[in-house]
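Right, one structure below, let's go through it.
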Amino acid sequence: MSQPAPQELFGHPKGLYVCFLTEMWERFSFYGMKALLFLYITKYHLFADAPSYELLGAYGGLVYAVPVIGGLIADRWLGMRKAVVFGGILLCLGHFGMAFEGKAARRVDGVVVQDARALQVFYLSLALIVTGVGFLKPNISTIVGKLYAENDPRRDSGFTLFVAGINIGALFASLVCGYVGETWGWKYGFGLAGVGMLAGLGVFLGGQRHLHGHAEPRDPARLREKLGPLSREHLIYLAALGGVLVIWQLIQHTWTVQGAMHLVSAVIASYLAWFLATQCTREERGRMLSLGGLVLFGLVFYTLYEQTYGSWVAFSDRLMDKNLLGFEMTAGALTFLGSFFIVALSPLFAWLWPWLERRGRNPSTAMKTALGVLFGGLAYLPLMAAAQGAGSGVHASIWWLVLAYFILEIGEVCLYPIGISAVTRLSVARVVSLMMGVWFLGTAYSEILAHSVLGKLSALEPGETASVAESAAKYGDLFTLSLWIGLGFAVAALACAPLIRRGMHGIK
């Protein structure tokens, strides 16, 4: 039976706005917590820089790797609607758990003494957030793709608007949660993030009729089938809670996270290799391989981008003047600049791509990806100047950070919405949610690289008392390396663009 035609609002299906608002509130909660995380663990729990970056990398890696599993479960059994609702519930629990502070860590005779119970609640809350994102994140994006026909010219602009919604939530999260958490108390910042997630869950539950059945389970009868005393659906939920306990342990031993990610990647790669070899036509295989190239360059971009929540926060907290237009900001609150520029630029680019298309000058998906990587690298030029200025002993101007975010977000608005749109267009329909998860798996590796590898280059060793000049020099070296990584891979992406475009077999 065919689904009724979706009702439209401002030229797009109403279901887009349900997903827009759901993701907006979910991102409010996620980025509200993320803006505070590095500062919280270094200032409240008194972690040294190196283990702080390792924890950021492990948490970020898991939060983007687990969607591979969540996408697969939704594809095969649960359906996207049920996955989003279950993920939203876990996220609410995790964010409210972050509001439990316990006792602050303190130094006794040079030794850091931490509250063991508070740390365990903290790790468990992170595990709930990781699992919740795993169920929600790939599936809400996939629902957006299903609202449009395969060659609908509104698809890219629809995804651009969807990303704008994400960043409206992130913008206010950084300003509100970031500022409140650092000035009024960490528990209030994290608690506000939990309220945001609760609002997002409510929006999705109230707007399901506008999805017109696109997010339902593939085989509802199989989902209800009893396997012992429980249905398959309830067993999935029970296994997910078991997964929370596993992640709770993994995240306390950050070195295990990379091993777990490598294992998951090997399983997914083996499955996809079998799928490409035996289940795809030549055209489908070409499209999937082109998508693999886009995922690789997306990984490079997000290795540069995700430093905004690690080394950028540390640099702005320690070596930068934080007065913005007369307002004294906090380092966490300043992460709002990324979302501010996305919100400002997204309408322009949503108009620009169709305008260029009508004139036959719209860059291909591969070219937009290359531009994204290029701007990702160029964003580090202002930061290099800021680090050089801070080395003289005077706090760097905040306007270097503003310029860096502006350049970086030009790159993201070129790459991210086009990338997730390409996943829904290039993937074989039977594995579209899995491939959305693979996109996030690439982002997961970028988190490890951004924090556990690159971010640690600017970390001070425990007990080290570096001068301002030495600290600024460490940040300057990191920013210079990041610039060259971006430029080098941008050249590679430009060289590969014709091959990627050819493999897409006519899909723009």
Inset, instruction - May I ask you to list the aspartates and glutamates whose Cα is less than 18 Å away from that of K368, ignoring any residue fewer than eight positions away on the same chain? - result: D156, E357, E409, E412
Legend entry - Average accessible area per residue (Å²) across segment 393-435 - probe 1.4 Å, nucleic acids and ligands excluded: 27 Å²
Inset, instruction - List the extent of the Cα atoms of segment 357-489 along each of their three principal axes, largest first, rounded to whole Å. - result: 56, 37, 23
Inset, instruction - For V267, put the label point 7 Å out on the Cα→Cβ axis and report which residues of segment 70-102 keep their amide N under 20 Å from it. - result: 70-80, 83-84, 87
Legend entry - Accessible area (Å², 1.4 Å probe, nearest 10) - M367: 60 Å²
Inset, instruction - Please list, in chain and number order, the residues 5+ apart from L324 or on another chain whose amide H is under 5 Å from its amide H, with Hs placed from the backbone. - result: M329
Inset, instruction - Can you tell me the 0 to 90 degree angle between the C-alpha axis of helix 186-206 and the longest principal axis of the chain, rounded to 10? - result: 10 degrees
Legend entry - Debye, to nearest 20: dipole size of segment 190-269, +1 on Lys, Arg Cβ, -1 on Asp, Glu Cβ: 160 debye
Legend entry - Compactness of segment 1-115 as Cα Rg over 2.2 N^0.38 Å, two decimals: 1.48
Inset, instruction - Do me a favour and compute the ellipsoid semi-axes for segment 105-177 from its Cα gyration tensor, root of five times each eigenvalue, largest one first, whole Å. - result: 42, 16, 8
Inset, instruction - Mind pulling the angle between the C-alpha long axis of helix 232-250 and the longest principal axis of the chain? Nearest 10 degrees, somewhere in 0 to 90. - result: 20 degrees
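Mind giving me the FRET efficiency for L289 and Q120? R0 is 35 Å, r the Cβ-Cβ distance, nearest 0.05 is fine. List each step's numbers first, then the result.
Numbers: r = 44 Å, r/R0 = 1.26.
Efficiency computed from Cβ-Cβ geometry: 0.20.
Dividing the Cα convex hull volume of segment 374-431 by residue count, how many Å³ per residue is that? Write out the running numbers ahead of the final one.
Values: hull volume 4.7 nm³, N = 58.
So the per-residue hull volume is 80 Å³.
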Inset, instruction - Work out from phi, with θ = phi - 60° and the Karplus expression 6.51 cos²θ - 1.76 cosθ + 1.60, the ³J(HN,Hα) of each residue of segment 442-453, listed in order in whole Hz, and give x for Gly and Pro. - result: x, 5, 4, 5, 5, 5, 4, 5, 5, 9, 6, 10
Inset, instruction - For segment 478-493, just list the computed ³J(HN,Hα) in residue order, Karplus coefficients 6.51, -1.76 and 1.60, θ = phi - 60°, integers in Hz, with x standing in for Gly and Pro. - result: 4, 5, 5, 4, 5, 4, 5, 4, x, 5, x, 6, 5, 4, 5, 5
Legend entry - Alpha-carbon spread of segment 151-258, three principal axes, descending order, Å: 52, 46, 30
Legend entry - Area accessible to solvent at S52, 1.4 Å probe radius, in Å²: 0 Å²
Legend entry - Fraction of accessible area attributable to carbon and sulfur, the chain (%, probe 1.4 Å): 66 percent
Inset, instruction - For K187, list the aspartates and glutamates whose Cα falls under 19 Å from its own Cα; do not include residues on the same chain fewer than 8 positions away. - result: E26, E101, D115
Inset, instruction - Report, in degrees rounded to the nearest 10, the 0 to 90 angle that the Cα long axis of helix 254-278 makes with the longest principal axis of the chain. - result: 20 degrees
Legend entry - Which listed pairs, of K103/K322; K43/K103; K43/K456; K137/K226; K14/K34, have C-alpha distances above 20 Å, in listed order: K103/K322; K137/K226; K14/K34
Inset, instruction - Working with all protein chains in place, sort T281, T303 by solvent-accessible area computed with a 1.4 Å probe, largest first. - result: T281, T303
Legend entry - Assigned charges on the beta-carbon of Lys, Arg, Asp, Glu; segment 65-220 dipole about Cα centre (debye): 180 debye
Legend entry - Accessible area (Å², 1.4 Å probe, nearest 10) - W274: 130 Å²
Legend entry - For segment 272-344: span of alpha carbons on each principal axis (Å, largest first): 61, 25, 13
Legend entry - Point-to-point label distance, V112-A239, nm (Cα→Cβ direction, 7 Å offset): 3.7 nm
Inset, instruction - Give the calculated FRET efficiency between Y188 and L348 to the nearest 0.05, with a Förster radius of 30 Å applied to their Cβ-Cβ distance. - result: 0.25
Legend entry - Cα centre as origin, Lys/Arg/Asp/Glu Cβ charges: the chain dipole, Debye: 1480 debye
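The values are calculated or read from the model by the stated rules, or taken from the named source; none is laboratory data. Computed from a predicted structure; not experimentally measured. Glycine gets a Cβ as well: all are built from the backbone with ideal geometry, and neighbour counts include every protein chain shown. Heads up: the accessible areas ignore ligands, DNA and RNA and are worked out on the full protein's heavy atoms, side chains in. Shrake-Rupley method; radii C 1.70, N 1.55, O 1.52, S 1.80 Å.
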